[in-house]
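The values are calculated or read from the model by the stated rules, or taken from the named source; none is laboratory data. These numbers were taken from a predicted model, which means no experiment stands behind them. Heads up, the Cβs are rebuilt from the backbone with ideal geometry, glycines too, and the neighbour counts pull from every protein chain shown.
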């Protein structure tokens with residue numbers, strides 16, 4: 001058995017495995033920028049393989065820090081925030097930080113104060129705030145965090161606070177324009193809850209993209225991010241007489257429910273109605289049909305949020321800015337060009353088409 005297997009791996013073990021100095025390993029562990037990407041990758045690989053865990057107690061004595069980060073999150077029951085927590089925690093632990101989590105039910109001063117109390121207040125070196133909903137201004141957040149460095153994730157695009165966001169406007173424009181380019185002219189939408197910044201941004205971009213193409217937006221129904229909510233929203237569209245060949249859905253879970261509802265009403269996807277989603281959840285490739293959607297890079301979001309936060313901890317004079325990541329369109333089989341005889345061309349409820357087929 002190798003020596004590093006029989007006892008806890010040390011910083012020197014990692015340095016010897018990679019062929020670099022112990023100082024270089026220390027820089028990687030502490031998130032310092034002056035290490036090449038290739039060297040950082042090799043050191044992180046060796047840390048994982050050897051199971052190296054930094055001695056937080058020793059680091060705390062040397063730096064007067066706790067080596068702990070706090071995560072305050074809203075909406076952890078939903079896919080996006082849950083992924084953000086996972087990748088923030090993974091990155092923080094790879095950099096030698098412990099992580100403590102506090103979930104909030106609303107973005108209010110009371111909830112934030114309670115979360116900070118649960119985290120131990122100033123016991124953490126910094127905070128990652130996953131705040132995807134409206135409720136508090138940037139000034140409110142800063143006042144509540146006090147002297148603790150923080151980075152917000154999934155907040156409003158353009159917010160003047162330390163933050164990392166994915167450009168939801170761009171993602172919605174990608175997927176809406178994709179349907180327009182396929183030839184669709186009658187588009188409806190199932191949005192997410194409009195008190196979420198991402199849902200607001202996707203809805204606004206859907207409207208703007210259609211107007212820019214000279215098209216009149218169809219009916220939009222607000223969903224709740226769940227498959228059941230998507231099912232109910234799609235039924236509402238049909239029950240209210242909406243006629244459409246393309247359906248833009250605010251996330252993949254709601255798209256799954258919407259596809260089920262369309263099929264229950266006799267509509268084929270994508271032959272009668274093309275459906276597109278958002279998030280690219282792991283199951284999206286295995287929907288029937290596989291779902292065209294927008295991929296958000298949650299791993300990069302987590303990595304950059306921790307990197308930015310560590311910079312703020314190390315140097316409080318780090319310039320305040322917002323980093324913006326761009327999502328990517330993933331083309332699969334749930335959308336195709338509209339076909340003669342499709343739902344929106346007939347201008348009738350699907351029962352009409354089924355009746356004709358029966359004759």
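Results, tabulated for the structure shown:
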read-out: Total residues in region 206-224, condition assigned to a helix (DSSP H, G or I) and surrounded by fewer than 20 Cβ atoms within 10 Å (Cβ to Cβ); value: 4
read-out: Matching residues in region 1-24 - criterion: being modelled with pLDDT of 80 or more and outside any loop (DSSP other than H, G, I, E, B); value: 12, 13, 14, 15, 16, 17, 18, 24
read-out: Residue in region 208-223 that is within 14 Å of residue 276 (Cα to Cα) and touching a strand residue (DSSP E or B) at 6+ places or on another chain (Cβ under 6 Å) present; value: no
read-out: Residue within region 55-69 that is modelled with pLDDT of 85 or more, more than 30 Å from residue 277 (Cβ to Cβ) and assigned to a strand (DSSP E or B) present; value: yes
read-out: Pick from region 232-246, criterion free of Cβ contacts under 8 Å to residues at least 60 places away in the same chain and surrounded by fewer than 21 Cβ atoms within 10 Å (Cβ to Cβ), ranking: nearest to residue 279 (Cα to Cα); value: 232
read-out: Of all residues making up region 284-299, the number that are assigned to a helix (DSSP H, G or I) and in contact with a helix residue (DSSP H, G or I) (Cβ under 8 Å, 6 or more places away or on another chain); value: 3
read-out: Subset of region 258-283 [surrounded by fewer than 23 Cβ atoms within 10 Å (Cβ to Cβ), part of a helix (DSSP H, G or I) and within 28 Å of the chain's Cα centre (by Cα)]; value: 260, 261, 282, 283
read-out: Residues located in region 308-338, provided they are in contact with a helix residue (DSSP H, G or I) (Cβ under 8 Å, 6 or more places away or on another chain) and either surrounded by 15 or more Cβ atoms within 10 Å (Cβ to Cβ) or more than 27 Å from residue 199 (Cβ to Cβ) (or both); value: 318, 323, 325, 327, 329, 330, 332, 334, 335, 336, 337, 338
read-out: Members of region 110-130 that are farther than 18 Å from residue 75 by Cβ and surrounded by fewer than 14 Cβ atoms within 10 Å (Cβ to Cβ); value: 113, 117, 120, 121, 122, 123
read-out: Which numbered condition residue 89 misses (of (1) assigned to a loop (DSSP other than H, G, I, E, B); (2) surrounded by 17 or more Cβ atoms within 10 Å (Cβ to Cβ); (3) at pLDDT 85 or above); value: (1)
read-out: Near pairs, Cβ below 9 angstrom, 6+ apart or cross-chain, from region 310-322 (at negative phi and modelled with pLDDT of 90 or more) to any residue that is part of a loop (DSSP other than H, G, I, E, B) and surrounded by fewer than 10 Cβ atoms within 10 Å (Cβ to Cβ); value: 322/158
read-out: Those residues of region 92-113 which are assigned to a helix (DSSP H, G or I) and closer than 30 Å to residue 9 by Cα, in sequence order; value: 92, 93, 94
read-out: Matching residues in region 131-169 - criterion: being surrounded by fewer than 17 Cβ atoms within 10 Å (Cβ to Cβ) and more than 23 Å from residue 103 (Cα to Cα); value: 158, 160
